[in-house]
Amino acid sequence: MMGMTLTSMAEWLAAVLLLVAAAFLLVGALGLVRLPDFYMRLHGPTKASTLGVGSILLASMIVSATHGRAGFAELLITLFVFLTAPVSANMMAQAALHLRLPGRAMPPEDAVPERRKKNKPSEV
């Protein structure tokens, strides 16, 4: 019986990470198609695809490390995706709130800065 080498263990781990990524990306795609309004459609794929892309890049870093190459490019891509996906989703949601795009739930009155009521100074 032969033992597993470090390279084959890394390949198995990368394969598992790719399967996890595929599952997250499938859930994100289904959320984009099946959810009823813009806000829900924005939430599902943003979270799921971020985790899916992160898993793919982690698998790529593991495989590149077994071949003697540091995964610096993958690390930068992961950092970029994890920073920009939530920010872009927030900006799209703020734009939709500003345009008063209807959703299933009513947004709070102070969700958009232009619609906030000016606070009167409290009388003592």
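The values are calculated or read from the model by the stated rules, or taken from the named source; none is laboratory data. These numbers come from a predicted model, not from an experiment. These area figures cover heavy atoms from the full protein model, side chains too; ligands, DNA and RNA do not enter into them. Shrake-Rupley method; radii C 1.70, N 1.55, O 1.52, S 1.80 Å.
Overview of results
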item: Rh by Kirkwood over Cα pairs, then Stokes-Einstein D for the stretch 21-103 at 1.567 mPa s and 4 °C, µm²/s; result: 93 µm²/s
item: Between the stretch 1-53 and the stretch 74-92, the Cα center-to-center distance that results, in Å; result: 16 Å
item: For the stretch 1-97: accessible area per residue (Å², 1.4 Å); result: 66 Å²
